[in-house]
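Novice: Encoded as C-alpha cells, here's the structure I'll be asking about.
Taken together, the values in this text are just the output of simple stated rules run on the coordinates, not laboratory data. Note that the structure is a prediction, hence the values are computed from the model and not measured. All Cβ positions, glycine included, derive from the backbone under ideal geometry; neighbour counts span all protein chains shown.
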Amino acid sequence: MATISLAVLASGRGSNLQSIIDACERGDVNAEVKVVISDSKDAYALERAKKHGIDAYFVNIKEYQDKKAYEEKIVDLLQNYSVQLVCLAGYMRLVGPTMLNAFPWQIMNIHPSLLPAFTGLHAQKQALDYGVKVSGCTVHFVDKGMDTGPIILQESVPVYDNDTEDSLAERILVKEHVLYPKAIGLFAENRLMVDGKKVVIE
Ligand code: GAR
C-alpha cells in the first residue's frame with residue numbers, strides 16, 4: 001500500500017507531533033509527515049519538524065483579512081504538499097468551512113477527554129472539577145463543531161483523588177502518543193468509514 005502524505009497543525013510544544021513523526025519513521029504507520037504548520041511563531045512544534053528535515057511554516061492569522069483568507073493560505077500549502085490527511089495536534093483554533101470543504105473527512109483531531117464530555121479548553125481541569133473517576137483521550141474526525149466530529153478511537157485512564165491538572169494531563173498524554181499514530185495507521189490502511197456520527201473500522 002502506498003505511503004500517505006500527512007500534514008500536522010500544532011499551536012504549541014508538539015509532543016503529539018513528535019509521536020506521529022516517530023511512528024512514521026519507525027515504519028509503524030504507513031505515512032510520512034510532509035509539512036508542519038503553526039499559527040504560533042514560537043511553537044516548539046516548528047523546531048521539532050525542522051530537526052527531522054520536515055518543512056515547517058508559521059502562518060500568522062493577523063496578516064490575513066479574515067479567517068477565510070487565513071485558511072485559504074493553509075489549504076494552498078496543504079495542496080502544494082499533496083496532503084491526504086491533516087492531523088490537528090494541539091491546534092487551538094476552530095477549523096472553518098474553507099479547510100473542511102477542501103479536506104472532507106480528511107482532518108483528525110486529538111482531544112484530552114472522553115468525548116462528548118469536556119469539550120474545548122482545559123478538558124483535564126473540567127474532568128477534575130466534575131469529579132469523574134475515569135477520563136482519557138479521543139481521536140475524532142473534525143466537523144464544524146468544537147470537538148463534536150465522529151469518534152475514531154478512545155483510550156481511558158483512571159482519575160485519582162490527589163490528581164492535579166498536570167498529573168492527569170501527563171497520564172492522558174502517554175495514551176495520546178499511542179492512540180494518535182494508531183488512528184493515522186487505520187486511515188492510511190483505508191479502514192475508516194464515516195457512517196453518520198459513527199466511524200466504522202473495517
Ligand atoms: C494535547 O493534550 C492535546 O490533546 C490537546 O493539547 C495538547 C497538545 O499537546 N488538545 C486540545 O486540548 C484540543 N482541544 P502537544 O502540543 O504536546 O501535542
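Novice: Report the antiparallel proportion of the DSSP beta bridges in the chain as a percent, rounded to a multiple of 5.
Specialist: Around 45 percent of the beta bridges assigned by DSSP in the chain are antiparallel ones.
Novice: Shifting gears a bit: Please compute the contact order of region 67-189 in relative form: average sequence separation of alpha-carbon pairs under 8 Å and at least six residues apart, divided by the residue count, as a percent.
Specialist: The normalised contact order for region 67-189 reaches 21 percent.
Novice: Using only alpha-carbon positions, what ratio does the radius of gyration of region 121-160 give when scaled by 2.2 N^0.38 Å?
Specialist: Its radius of gyration relative to the 2.2 N^0.38 Å reference: 1.27.
Novice: Where the centroid of each part is defined by its Cα atoms, how far is region 63-80 from region 132-202 in Å?
Specialist: 27
Novice: Identify which of 186, 121, 88 has the largest mean-square fluctuation in a Gaussian network model of the chain, with springs joining Cα atoms closer than 10 Å.
Specialist: Checking each option, the largest mean-square fluctuation is seen for 121.
Novice: Report, in listed order, any pair from 41/67; 50/198; 34/68; 73/197; 68/125 with a Cα-Cα distance greater than 25 Å.
Specialist: Values: 41/67 17 Å; 50/198 36 Å; 34/68 23 Å; 73/197 30 Å; 68/125 32 Å.
Over 25 Å apart, Cα to Cα: 50/198; 73/197; 68/125.
Novice: Check each of the GluC sites (Glu not before Pro) in region 5-107 and keep only those in coil by DSSP with at most 13 other C-beta atoms within 10 angstrom; list them in order.
Specialist: The qualifying sites: there are none.
Novice: Report the full-extension gain for the segment residue 190 to residue 1: residue separation times 0.36 nm, less the Cα-Cα distance, to one decimal in nm.
Specialist: Answer, rounded to one decimal: 67.1 nm.
Novice: Which of the trypsin sites (Lys or Arg not before Pro) found in region 28-67 are in a DSSP loop and have at most 10 neighbouring Cβ atoms, other than their own, within 10 Å?
Specialist: 41
Novice: Let me ask something else. With a 10 Å Cβ neighbour count serving as the proxy for reagent exposure, in which order, fewest first, do 143, 42 appear?
Specialist: Listing 143, 42 from fewest to most nearby Cβ atoms yields 42, 143.
Novice: In square nanometres and to one decimal, what's the mean projected area of the convex hull around the Cα atoms of region 38-127?
Specialist: Orientation-averaged projected area of the Cα hull: 6.9 nm².
Novice: Then there is this: Over the Cα atoms of region 1-78, what radius of gyration and what Dmax do you get, in Å?
Specialist: Over region 1-78's Cα set, Rg and Dmax evaluate to 13.1, 41 Å.
Novice: Could you list 83, 8, 174, 157 in order of exposure, starting from the residue whose Cβ has the fewest other Cβ atoms within 10 Å?
Specialist: Details: 83 23, 8 31, 174 13, 157 20.
By the 10 Å Cβ count, ascending, the order reads 174, 157, 83, 8.
Novice: Additional query: Would you mind getting the Kirkwood hydrodynamic radius of the chain from its Cα pairs, rounded to one decimal in Å?
Specialist: 17.1
Novice: Just flag the trypsin sites (Lys or Arg not before Pro) in region 99-171 sitting in loop per DSSP whose Cβ has no more than 16 other Cβ atoms within 10 Å.
Specialist: Numbers: sites: 125, 133, 144, 171; in loops: 133, 144.
Sparse-neighbourhood loop trypsin sites (Lys or Arg not before Pro): 133, 144.
Novice: Write down the radius of gyration of region 146-202 and its Dmax, each obtained from C-alpha positions, in Å.
Specialist: 14.1, 42
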